[in-house]
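Okay, structure first, notes after.
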Amino acid sequence: MVLPNSKPKKRISFNLRLFWSVFAIFLAFIICFLLFQYQREREFAQEKLHSVLTNYNHQLYYRLTQSNDLKQTIEDFTREIPQHDIRVTIIDPSGEVLFDNSGFTHLENHNNRSEVRKARNNREGFAIRSSGTTGKRYFYSASNINNYIYRTALPYDMYVKDVLTINKDFIYFMLLMTLLFFFVLSRFTFSIGKTISKLRDFALNVDMNRIPVVRYTFPDDELGDISQNIITLYQQQQKAKDEVSMEREKLIKHFQYSKEGFAMFTTDGKEILSNNLFIQYLNLISDLRIHQTEEAMKIPELDPIAQFLHSNINNPNRKKQVLPESVTIDKEGKIFLIDCILFLDNTYELSINDITRQEEETRMKRQLTQNIAHELKTPVSSIQGYLETIISNPDLSEEKKRFFIERCYSQSSRLTDLLRDISVLNRLDEASDMFELSEINIGRLIIEIQKECSKEMDEKKITSEVTLPENTVVYGNYSLLYSIFRNLFDNSIAYAGERIHITVNCYREDSKFYYFSFSDDGVGIDEEHINRIFERFYRVDKGRSRKIGGTGLGLSIVKNGVNFHKGHIYAKSTPGKGLTFFFTLKKKR
């Protein structure tokens, strides 16, 4: 049906827009999938060839250990394998070439070759590049065996290209599927377009307040049924519009602005309105699977609310007023506040608010205040006691006075460290955007920390080893990065024991993160403590820790500093075998 005097706008029909939108998405998905598959197959082929050459490397090593004639052994080996034109190179730990069967005698240091660098760092490495010696393009595979590099290479000729060639049958199959999808989608969208055109005609009539008398016929399918139901429901809604307009406005406004799980029910418990959060929260509270909002009153945890409603709905003695009721539920670490409001017409609403965070913050603030008071009490009491001793004993010898004054100074230093650490944590919690950022060279920073800790390390016969990529730079705050590594060093020096070895290693990097490990081979800690060592003021051995010193905030500062730099940290330990921290630091914020 077309309305008179209506001028259709010149625009692409919905079914065409739907068709091309879906087809474009499908085509983009196919292209991305093909690219991914192509890259994956190529990498698999390279790894396969690398595995073959790696096997050759280890076979060479084994044969050379059994023979004193290096050249003859390699010649025999190359004759036995299918690839007679294989190039074999042996490189010593300094990078000098001990043997190369390419025919060149004067070869430069090979430690700068990419596959050699990878083998030095990761035990194995491969690369496809042109040889700096022969000028030919090779597929290189290098193995680090006892710090000597055994490298084999195949010319990047038709043999290697055949190995790395990707099977294109899959591409042809995906093209066929795309054509089939094109055909099926066009038929489907054409059918949808006819139905939507009729719905559009109906909507235009409704917009002009002209309810059509013509009966619309739709295709005999699900979309047609939905379309017919839309028209039928609209006609029913028009009849009931005046009766429900006031309630509808009230409920919709309340629903729109609610940030809680919300539902409204009739007197007999049937749902009027609810949001998605309500069902989600019910399932978190209940041990049973909840599918419908009407099942809320069946949850045992909501019995107080159910009893409240049972006592007041249809109660002849009830005063005509809105009645509220609340209950707090602690369920598996989550805390929910449930409010019920019973209206004058005996309809009622339930709202569920997750107050876990507020309660946890309140608990943590209370606990932190108690911990701070406890930690401050010890140095303050000690200082007060030493000073009282000096004041109460005017005849005290100078040696004794000096002894007590030094104790006062030591405790005041501990108090200063504690206040400093608390200040750092408060800044991280409340004003992290106030930290200045710049490019920090981690290698130089660790060297500076090693120098500062050298006296304590020498006293305990502690050694350290740092393995970092060249020019390891993090864009972050110098003070926090210093605190991360200094607190880790201090922790090992203080608690790991004597004659230990500390290792700092950047074992991996990608485009966004550096991956660090910090480990010692000291006494380690028990598993029961490993998940709590980053808590503020938590001590594994409280008595021993207080004798050694420290504020109990060092590892908490480490964790918050790592979090500030968009990283993550966790610890692993075996008693008697040391403690290892694994953490990441983002290169750029």
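Please treat every number below as a calculation from the coordinates, not as lab data. Small disclaimer: the values here were computed from a predicted structure and weren't measured. Every residue, glycine as well, gets a Cβ built from its backbone with ideal geometry; the counts of neighbours run over all protein chains shown.
The table that follows gives values for the structure above.
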item: Cβ-Cβ FRET estimate between K136 and R63, R0 fixed at 25 Å, reported to 0.05; result: 0.45
item: Exceeding the 20 Å Cα-Cα cut-off - candidates K298/K331; K331/K566; K455/K586; K334/K586; K460/K577; result: K331/K566; K455/K586; K334/K586
item: Extension gain (nm, one decimal) between N111 and I391, 0.36 nm per residue minus Cα-Cα; result: 93.7 nm
item: Label-point gap, in nm, between F14 and N531 - each point 7 angstrom along Cα→Cβ; result: 5.3
item: Span from the the range 560-588 Cα centroid across to the the range 67-128 one, whole angstrom; result: 38
item: Two-site label geometry, Q235 and S517: point separation in nm, points 7 Å out along Cα→Cβ; result: 7.4
item: Sites E406 and D221, calculated FRET efficiency, Cβ-Cβ separation with R0 60 Å, nearest 0.05; result: 0.05
item: Estimated FRET transfer efficiency (S479, N276; beta-carbon r; R0 25 Å; 0.05); result: 0.05
item: Label point distance in nm, E436-S191, each placed 7 Å from Cα along Cα→Cβ; result: 6.9
item: Computed Rg/Rh of the range 258-354, alpha carbon atoms with Kirkwood Rh; result: 0.95
item: V184, V504 arranged by Cβ crowding within 10 Å, fewest neighbours leading; result: V184, V504
item: Likely footprinting exposure, L284, L179, L488, L154, fewest C-beta neighbours within 10 Å first; result: L179, L284, L154, L488
item: Mean Cα-pair separation over length for the range 258-354, i.e. relative contact order, pairs under 8 Å, 6 or more apart, %; result: 31
item: Environment charge at Y138 (Cβ cut-off 9 Å; Lys +1, Arg +1, Asp -1, Glu -1); result: +4
item: Percent of alpha-carbon pairs separated by more than 20 Å within the range 31-164; result: 44
